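Okay, so here's the structure we're looking at.
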Amino acid sequence: MKFISIFYGLFLLSVLGIYWTVNLANIRLWILLIASLVFYASLHIQYLPLLLALTFINFRLGLEIGSNTSPAKHSQNWNLSNEEQQFTQADWNQRRLKVLSIGIGFNVFILLGFKYINNFLDLVFNQPTNSPESLIKLVAPLGISFFTFECIAYLIDVYRGATATTKFIQFATYKLFFAKLISGPITRYHNLAIQFDTLRFPSIDRVAEGLWLIARGAVKKGIFADNLGIFVDLCFGNLQRAGSTDLWLATFAYGLQLYLDFNGYVDIARGSALLFGLVLPENFDFPYFSTSIADFWRRWHITLGDWLRNYLYFPLGGSRRGLMRTCGNLLIVMLIAGIWHGSAWGFIIWGVLHGVALAGHRLISVLSDRFTILKSFWQNPLGIIFAWFLTQIMVFTSWIWFRLPNLQDSALVIQHLWGHGGDQQFAAKVYIEALNMSQYQISYLLLGIALLMSISYAFKREMKLEFSWPIKIVFVPLCFYAVWLLAPEGSLPYIYFDF
């Protein structure tokens, strides 16, 4: 069941109708859980038992970690000395840490198992699993990366003192909620659990916002991302024949496609959740207007960046143990981010590049604090523009390894970025036959999308302006009609479904 389809619209309306006609909160959770199972079954029914089993196991692990969050039964024994009570406390903490380690190890094993099992089978059978002759090709469950990261976050939160839930139906609904299950945003359990306990029928402006988010997300994905994706696939699917100009255009087109595709999904997810009275976290904040790589990661895939900071970077020591240790921590964190995205070497290189960039930014920040001239340069308009340009060139060129994780393909693109002439037959096939657009028109299209993003940025971030709810309601059917007219036939799959 695709997010942008008549079937999803009918599914959403049907579930909402049943959901809001019931007054009991517990029954609403059951309705949401059953609907989520139906939604996932329409995509990957064979993995439903696995997800349910993983949900139950993490629920039980949370209870084990959270049980007796303080060893009160021992501390109330006045016959124990202070020294004996300290030993009791230490044993209790060690037991909780052991359960947490088991839980984290279990989830990491599941994640890496599905991410890397095909690589392992390649070694065992000496035959690539992605070759046409291969009889063995295991596909990871949709959303397994987001699923396991949420489970790890929940277990760590409970270990740090948050209350472990005793309501399996609430935990299962949180874990399997269809709006966020496949591609996030990564959501903490306790943020959603509070909302489960205080559900209210959304106000008219909240309903308008939900519908507007769904319609806006459909435009981003259906019109912009999918049409850009056709051009990107044609260029990156014919690397030997594409020229330098083609590859540069495809690189920038892919950066925009990835953003609009993922951001469009999150808009639809957040809009759908709002109609159920639930608020999911923001996941993007105009990342392509960042003036540093650190700022980019505060505004791109915000919930993943938050997860990496809270559950990896800070436990490693963060920036508290000296400059070199900080740079090392940044490299480790981004290397793991690359591994999280996929098993190919390209994702690892992408992560290392971002780690090096973050470490370089930290070093430059330290130097800027010591030298007034350098600090003033980064703060004047010319320095800000230069910083923005450097940041975006780094971000967009690193997407090459993200889009082409096979090192032979990505290396070929890097080699051909300068001074490589394109095949005339390729140009005719792509620009005349497939797109009916010239290279200049593609360039103008990319600039037009960038201009629209700039206008949106200026209105929302700089002037703090938003459409009123009646205007949003008017635009909703217009957006859906535009998608129906302008979206390519057979919409492309969401990019982050692969992760």
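Once label points are set 7 Å from the Cα along Cα→Cβ at both I332 and E489, what is their separation, rounded to one decimal in nm?
5.4
Between L48 and L367, what is the FRET efficiency for a Förster distance of 45 Å, r being their Cβ-Cβ separation, to the nearest 0.05? Before the final figure, lay out each step's value.
Working: r = 53 Å, r/R0 = 1.19.
Calculated transfer efficiency: 0.25.
Which angle between 0 and 90 degrees, to the nearest 10, do you get for helix 244-275 versus the longest principal axis of the chain when only C-alpha atoms count?
Helix 244-275 and the main axis of the chain meet at about 40 degrees.
With the cut-off at 22 Å, tell me which of the pairs K221/K464; K2/K221; K180/K220; K2/K175; K221/K472; K115/K175 have Cα atoms farther apart than that. Walk me through the numbers on the way to the answer.
Details: K221/K464 25 Å; K2/K221 12 Å; K180/K220 18 Å; K2/K175 20 Å; K221/K472 18 Å; K115/K175 20 Å.
Going by Cα-Cα distance, K221/K464 fall outside the 22 Å limit.
Would you please classify the overall shape of region 206-498 from the alpha carbon gyration tensor, given that a ≥ b ≥ c denote the square roots of the eigenvalues, rounded means a/c under 1.5, and beyond that prolate means a/b larger than b/c while oblate covers the rest? Show your work: numbers first, answer last.
Numbers: a/c = 1.62, a/b = 1.13, b/c = 1.44.
Verdict is oblate for region 206-498.
Only Lys, Arg, Asp and Glu count, each charged at its Cβ (+1, +1, -1, -1), so figure out the dipole size of region 206-498 about its Cα centre, rounded to 20 debye.
Details: 21 positive and 18 negative charges, 211 e Å.
The calculated dipole for region 206-498 is roughly 1020 debye.
Less than 15 Å Cβ to Cβ from G355, Lys/Arg counted +1 and Asp/Glu -1: what total charge do the surrounding residues give? Mind dumping the intermediate values first?
On the way: positive: R309, R325, R362; negative: none.
Result for the neighbourhood of G355: +3.
Only Cα pairs under 8 Å and at least 6 apart count here; give the relative contact order of the chain as a rounded whole percent. Working shown, then result.
Working: 570 pairs, mean separation 90.8, N = 499.
Relative contact order comes out at 18 percent.
All other residues with a Cβ under 12 Å from the Cβ of K220 taken together, and with Lys, Arg as +1 and Asp, Glu as -1, what is their net charge? Can you show the working numbers first?
Numbers: positive: R216, K221; negative: D226, D261, D267.
Result for the neighbourhood of K220: -1.
Using mean Cβ contacts within 10 Å as the protection proxy, how do 215-222, 160-167, 30-37, 351-358 order, highest first? Walk me through the numbers on the way to the answer.
Numbers: 215-222: 24.2, 160-167: 14.8, 30-37: 19.0, 351-358: 20.8.
Top of the packing list down: 215-222, 351-358, 30-37, 160-167.
Take the Cβ-Cβ distance between S319 and Q94 as r, set R0 to 30 Å, and report the resulting FRET efficiency rounded to the nearest 0.05. Show your work: numbers first, answer last.
Numbers: r = 29 Å, r/R0 = 0.96.
Efficiency, from the Cβ-Cβ distance: 0.55.
Provide Rg over Rh for the chain; use the alpha carbon set for both Rg and the Kirkwood Rh (inverse mean inverse pair distance). Provide the component values of the computation, followed by the final result.
Details: Rg = 24.7 Å, Rh = 25.1 Å.
Result for the chain is an Rg/Rh of 0.99.
Any chance you could give the angle, 0 to 90 degrees and rounded to 10, that helix 381-403 forms with the longest Cα principal axis of the chain?
The answer is roughly 80 degrees.
The numbers here are math on the coordinates, done by the rules we state, and not lab data. Keep in mind that this is a model prediction, so the values were computed, not measured. Don't worry about glycine lacking a Cβ; one is built from the backbone with ideal geometry, like all the others, and counts go over all protein chains shown.
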